[in-house]
Amino acid sequence: MTLWIALIATTAGCYLLKYAGLAAPRRLLDNPWLQRFATAVPLALLAALIAVQALGDGQSLSWDTARMAGVGAALLALVLRAPFLVVVVAAAGTTAALRAIGIA
């Protein structure tokens, strides 16, 4: 039963947060500080997600050479403006190839 309560509370919270964004007055949305904040937050969250996925190992951080090489290959593909599927395949292929030859 507590799972359903958590699910309903989360759903209501998401709805209210979305409504708060729609109901915000225009003068608040035109604030330059808020616009910079709204631009920076998704970038910071994405960078944190990449760092946790690339360096995370359970509850600790660890360096995985193959995984970091995959991140580097993805970064290179992004710099070369490759399509997203090519970026994913480059990262996965680099990581798999290095693991296949014994680099972990």
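The values are calculated or read from the model by the stated rules, or taken from the named source; none is laboratory data. Every value quoted in this text rests on a predicted model; they were computed, and no experiment measured them. Backbone-built Cβ (ideal geometry, glycine too); neighbour counts: all protein chains shown. Heads up: the accessible areas ignore ligands, DNA and RNA and are worked out on the full protein's heavy atoms, side chains in. Shrake-Rupley method; radii C 1.70, N 1.55, O 1.52, S 1.80 Å.
Per residue of the chain, the DSSP helices (runs of n ≥ 4 H) give a summed -39500 (n - 2.57) that works out to -26500 deg cm²/dmol at 222 nm. Go through (1) 2, 12, 23, 25, 16, 10, 6, 3, 2, 0; (2) 2, 10, 11, 13, 13, 11, 11, 14, 9, 3, 1, 0; (3) 3, 14, 26, 27, 19, 9, 2, 0 and flag the label whose value is the computed P(r) over Cα pairs in 5 Å bins from 0, in percent for this structure. Structure-derived value, by its label: (2). Relative to the longest principal axis of the Cα atoms of the chain, the long axis of helix 32-55 makes an angle of roughly 40 degrees.
A full extension of the chain between Q59 and K18 corresponds to an added length of 11.6 nm, given 0.36 nm per residue minus the alpha carbon distance. The simple spin-label model puts a point 7 Å past each Cα toward its Cβ; for I50 and L75 those points are separated by 0.7 nm.
Explain nothing, just the number: dipole magnitude of the chain about its Cα centre with +1 on each Lys and Arg Cβ and -1 on each Asp and Glu Cβ, in debye rounded to the nearest 20. Dipole size: approximately 320 debye. Excluding ligands, DNA and RNA, the accessible surface per residue across the chain is 81 Å² with a 1.4 Å probe.
Helix 2-23 and the long axis of the chain differ in direction by around 70°, with both axes built from C-alpha atoms.
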